Amino acid sequence: MFRIRRGATASIAAGCGIALAALFAGAPSGVAAARPAAPQAAAPQAAAPQAGNVRLVRSHGHVYRVEIHGRHGVIPMRGARGDAVRRQVGRAPADSTLIYNGGPVQHQVSVYLVFWGNQWDSDSNGVEQYQSNLFNGLGTSSDSWSTVTSQYTDNSGQGPSFGGPVLGGTWVDDSAPAPANAQQADIAAEADAAASHFGVSGPDVQIVVMSPSGTSPDGFPNSGFCAWHDYDGTVSYTNMPYVLDAGSSCGANSVANQLDGFSIVGGHEYAESLTDPQPSSGWVASDGEENGDLCAWQNLGTISLPTGDFAMQPTWSNAAGGCAMSG
């Protein structure tokens, strides 16, 4: 793992991205985000995601061409309609089974954390270290939580496999503040800038864009979600707001301490990106939910890794026919 502090040389273009109102248009009150369309039956050959809504965003002295495919694996705030309260009434196994749609899964993932903005220089809650420790522990021989995803193979016959820490690197992008109200295209451009910074690309890469406290990436916390992931045409990335700003609604003190939400929410998006990195061409249930969605906020517990103990939710296992904390 390496960690370099280097900042942006140009401000993020304002006004890019999809208006948050469009996300919720036509959705029932309290629903965090619209689900992607239900996938068709498993395809016999690999399927690539369709081209998204293309945006051009100037960032870090470059113009990034990003595609907006939507917000996938949206983890709603606790108590919002559509969260685990809905699932406590139960659902038929046939509704929950994940279906393969012919696209890629991640085989040997590398996760790269970008801490966006110089606001991180004054963060006193230890979030940077906590997240680094989490992903430095995931993928190790002590991690039986990630291995639930190994059952989900692509057309090559391979699924996610783990032979060491999944953390590939961290970057504090701190020469300028992160935008107060970043739009989805801005977040995607920051993910591309991070991929360029690390010199990485390819289907096995995850970029996690960590926004600082006091900012509202894609409308957080008034949007009703804690995080989501997408594919921008180049790289799989996660929009990870400063979930502590939403308190218990995004998991604070759910299991052990105020930072619980960062591992619960971060783990949710990480697991979904493993099995559906280019949504929704990977493994998705008939109603559009991914492996983390089906178990959101249910049976929270602790996983023990060489780097510490972390609060986590289970993920859906077709093999077990339910939510599982190990596999």
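Just to be sure I understand, how many residues within the range 299-327 are part of a loop (DSSP other than H, G, I, E, B) and within 18 Å of L98 (Cα to Cα)?
9
If you check S263, S286, S273, which single one turns out to be over 30 Å from G126 (Cβ atoms) and either hydroxyl-bearing (S, T, Y) or assigned to a loop (DSSP other than H, G, I, E, B) (or both)?
Only one candidate qualifies: S286.
Scan the range 237-255 and tell me whether some residue there is farther than 19 Å from M77 by Cβ, out of contact with any Leu (no Cβ under 9 Å at 6 or more places or on another chain) and surrounded by 24 or more Cβ atoms within 10 Å (Cβ to Cβ).
Yes, the conditions are met somewhere in the range 237-255.
Which numbered condition trips up Q184, out of (1) touching a His at 6+ places or on another chain (Cβ under 8 Å); (2) closer than 18 Å to P277 by Cα?
Evaluating Q184 over (1) touching a His at 6+ places or on another chain (Cβ under 8 Å); (2) closer than 18 Å to P277 by Cα leaves (1) as the failure.
Report, by residue number, each residue of the range 109-153 that is closer than 13 Å to Y242 by Cα and under 16 Å from the mean Cα position of the chain (by Cα).
Hits for the range 109-153 are V114, F115, W116, Q131.
I'm told A80 meets every condition in (1) open to solvent by 60 Å² or more (accessible area, probe 1.4 Å); (2) at pLDDT below 95 except one. Can you identify the failing condition by its number?
Every listed condition holds for A80 apart from (1).
Where in the range 105-218 are there strands (runs of 3 or more DSSP E), lying wholly inside it, with at least 3 residues that are among the polar types (S, T, N, Q) and open to solvent by 10 Å² or more (accessible area, probe 1.4 Å)?
none
Only one of S263, S273, S286, S280 is out of contact with any Gly (no Cβ under 7 Å at 6 or more places or on another chain), open to solvent by 10 Å² or more (accessible area, probe 1.4 Å) and touching a residue at least 60 places away in the same chain (Cβ under 8 Å); which?
Of S263, S273, S286, S280, the one residue that is out of contact with any Gly (no Cβ under 7 Å at 6 or more places or on another chain), open to solvent by 10 Å² or more (accessible area, probe 1.4 Å) and touching a residue at least 60 places away in the same chain (Cβ under 8 Å) is S286.
The values are calculated or read from the model by the stated rules, or taken from the named source; none is laboratory data. Because the structure is predicted, anything quoted here is derived from the model rather than measured. Neighbour counts are summed over all protein chains in view; Cβ atoms, including those assigned to glycine, are modelled from backbone coordinates with ideal geometry. The protein model used for the area step is the full one, side chains on, heavy atoms only, and it has no ligands, DNA or RNA in it. Shrake-Rupley method; radii C 1.70, N 1.55, O 1.52, S 1.80 Å.
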